[in-house]
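Asker: Let me give you the structure first, and then I'll get to my questions.
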Amino acid sequence: MQNKKSLTTAVSFAALLLGTGVTELAQAGTLQDVKQRDAIRCGVSSDKAGFSYLTDDGHWKGMDGDLCRAVAAATLGDADKVEYVTTSAKNRFTAISSGEIDILSRATTWTAARDANLGADFTTPWFYDGQGVMTHADFKISKLEELDGATFCLSPGTTSEQTLADYFGRRGLSFKSVVIEKSSELYSAFQKGRCDAVTNDMTGLAARRTQFADPDAYTILPETISKEPLGAYVSQGDAQWRDIVTWTAFALMTAEELGVTSANVDEKHEASVSDNPDIARLLGTDAHIGERFGLSNDWAYQAIKQVGNYGEIFANNVGPKTPLKFERGLNRLWSDGGLLYPAPIR
């Protein structure tokens, strides 16, 4: 009887210790690191216009960078507390899985293989895109099938080559590959005629073409040959941090849905409790959503106030009044016929 009682006591004590250890480990994740560092390390591309690029005056701009700024506002109260780390297509997943960066926000496609094999967890689609092809205008090519046998400049570590191979293979077409790691060198080789075409997300092609000396010398073909839901990745296994990044993106989409902007968020904040319970929950004047994430209850208010809602971010970086001139398309809210369907904040 004594042995059984002792065993029961030992098991209970071990369980208590284990439970305490698990709790401490759960708390000692990326959020704690970010707060101790007082900055978020954001892995980005250095030269994708409209998404993440360094301006001539030394500032980072773009939709992907703005997502990191919003997370910084939500977690640290200051959107400017972001340390940008330039990553390549080849090393980006190593950077996130190793902990070198806190967020990989680099127009990265969500795929099953990446979720399963690369030590990273996807958050939520931030931009819906599709793979396309750009070629030389003087070829006078109007459809992709006319590039049968062509040479493509391709980046390693992307899904582009496999998608292109699948598309061509189904149609009995062929192509040759020239693999070039650095994107700047790849597009330089393309402009010099080393390859007949390049393939990338449509947004990437459009962004790159704006940087060419003669953009009109190149044609982006109309076909979209894949689905490319782009968004941020975080290190695998940190559920709290994944929730924070995911729900910050949802908060910016929800803000647009509810008509809350960076310009009127203070007014909405003051009136939200009595006027609209959905806005009250979003801005933290009702319920305690932020606390459940380990944040202040004004987490979403700070992100919207300092960075803007999704519609503002889209318009400022890639919309019709920018050099890229993108229409919202699939990136409209669900209520406007698009695919943006933020989960409810309640």
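Asker: Output ³J(HN,Hα) for the range 195-208: one whole-Hz value per residue in order, computed from phi by the Karplus curve 6.51 cos²θ - 1.76 cosθ + 1.60 with θ = phi - 60°, and x for Gly and Pro.
Answerer: Per residue, the Karplus-derived 3J(HN,Hα) values read 9, 7, 7, 10, 10, 6, 4, 4, 5, x, 5, 5, 5, 5 Hz.
Asker: At 7 Å along Cα-to-Cβ for each site, give me the label-to-label distance between Glu83 and Asp138 in nm.
Answerer: Between Glu83 and Asp138, the simple spin-label model gives 4.8 nm.
Asker: Another question, then. With charges set only on the Cβ (+1 for Lys and Arg, -1 for Asp and Glu), what does the dipole of the chain come to about its Cα centre, in debye to the nearest 20? Numbers along the way, then the final one.
Answerer: Details: 34 positive and 45 negative charges, 179 e Å.
It comes to approximately 860 debye.
Asker: Here's another thing I want to ask about it. So if I place +1 on the C-beta of Lys and Arg and -1 on the C-beta of Asp and Glu, and nothing else carries charge, what would the dipole magnitude of the range 82-166 be about its Cα centre? I want it in debye, nearest 20. Don't jump to the answer; show the numbers that get you there.
Answerer: Details: 6 positive and 12 negative charges, 20 e Å.
Roughly 100 debye for the range 82-166.
Asker: Equivalent-ellipsoid semi-axes (√(5λ), Cα gyration tensor) for the chain, whole Å, largest first?
Answerer: Gyration-tensor ellipsoid for the chain: 41, 27, 18 Å.
Asker: Based on the alpha carbons, how large is the Rg to Rh ratio for the range 138-208 when Rh follows Kirkwood?
Answerer: That ratio equals 0.93.
Asker: Follow-up question, since we're still on this one. Using only the Cα atoms of the range 60-183, what semi-axes does the equivalent ellipsoid have when each is the square root of 5 times a gyration tensor eigenvalue? Give whole Å, largest first.
Answerer: Output for the range 60-183: semi-axes of 34, 16, 13 Å.
Asker: So in the chain, which Cys have no other cysteine's beta-carbon sitting under 4.7 angstrom from theirs?
Answerer: Cysteines lacking a close Cβ partner in the chain: none.
Asker: Using only the alpha carbon atoms of the range 232-271, find the Kirkwood hydrodynamic radius as the inverse mean reciprocal pair distance, in angstroms to one decimal. Spell out each step's value before the answer.
Answerer: Values: mean 1/r = 0.0861 Å⁻¹.
Mean inverse Cα-Cα distance, inverted, gives 11.6 Å.
Asker: Please go through the range 175-247 and write out the chymotrypsin sites (Phe, Trp or Tyr not before Pro) that DSSP classes as loop and that have at most 16 other C-beta atoms within 10 Å.
Answerer: On the way: sites: Phe175, Tyr187, Phe190, Phe212, Tyr218, Tyr233, Trp241, Trp247; in loops: Phe212.
Hits after loop and neighbour filter: Phe212.
Asker: OK, next. Which links in Lys81/Lys192; Lys61/Lys192; Lys268/Lys321; Lys90/Lys268; Lys81/Lys268; Lys61/Lys176 stretch past 32 Å when you go from one Cα to the other?
Answerer: Among Lys81/Lys192; Lys61/Lys192; Lys268/Lys321; Lys90/Lys268; Lys81/Lys268; Lys61/Lys176, the Cα-Cα distance tops 32 Å for Lys81/Lys192; Lys90/Lys268; Lys61/Lys176.
Asker: Nearest 5 percent is fine: what portion of the DSSP beta bridges confined to the chain is antiparallel?
Answerer: Counting DSSP beta bridges with both partners in the chain, the antiparallel share is about 60 percent.
Asker: With only alpha-carbon pairs counted, each pair once and no self-pairs, how large is the Kirkwood hydrodynamic radius of the range 183-268 in angstroms?
Answerer: The answer is 16.9 Å.
Asker: What distance in nm separates the simple spin-label points at Asn117 and Asp336, each placed 7 Å from Cα in the Cβ direction?
Answerer: Output for this residue pair reads 3.8 nm.
Asker: Now for a different question. With r as the distance between the Cβ atoms of Val179 and Thr224 and R0 = 25 Å, compute the FRET efficiency 1/(1 + (r/R0)^6) and round to 0.05.
Answerer: Computed FRET efficiency for Thr224 and Val179 comes out at 0.60.
Asker: Would you kindly derive the ³J(HN,Hα) couplings of the range 73-85 from the backbone phi angles with the Karplus curve 6.51 cos²θ - 1.76 cosθ + 1.60 (θ = phi - 60°), listing them in order in whole Hz, with x for Gly and Pro?
Answerer: 5, 5, 9, 10, x, 8, 5, 8, 8, 10, 9, 7, 10
Asker: Tell me the trypsin sites (Lys or Arg not before Pro) within the range 121-179 that lie in a loop according to DSSP and have at most 15 other beta-carbon atoms within 10 Å. All intermediate terms of the calculation are to be shown ahead of the outcome.
Answerer: Numbers: sites: Lys140, Lys143, Arg170, Arg171, Lys176; in loops: Lys140, Lys143, Arg171.
Counting only loop positions with at most 15 other Cβ atoms within 10 Å, the trypsin sites (Lys or Arg not before Pro) in the range 121-179 are Lys140, Lys143, Arg171.
Asker: Percentage of Cα-Cα pair distances in the range 227-346 greater than 22 Å, rounded to whole percent?
Answerer: 36 percent
All of the numbers you see were taken from the coordinates with simple rules; none came from a lab. Quantities reported herein were computed from a predicted structural model and do not represent experimental measurements. Counting neighbours? That spans all protein chains shown, and the Cβs are built from the backbone with ideal geometry, glycine included.
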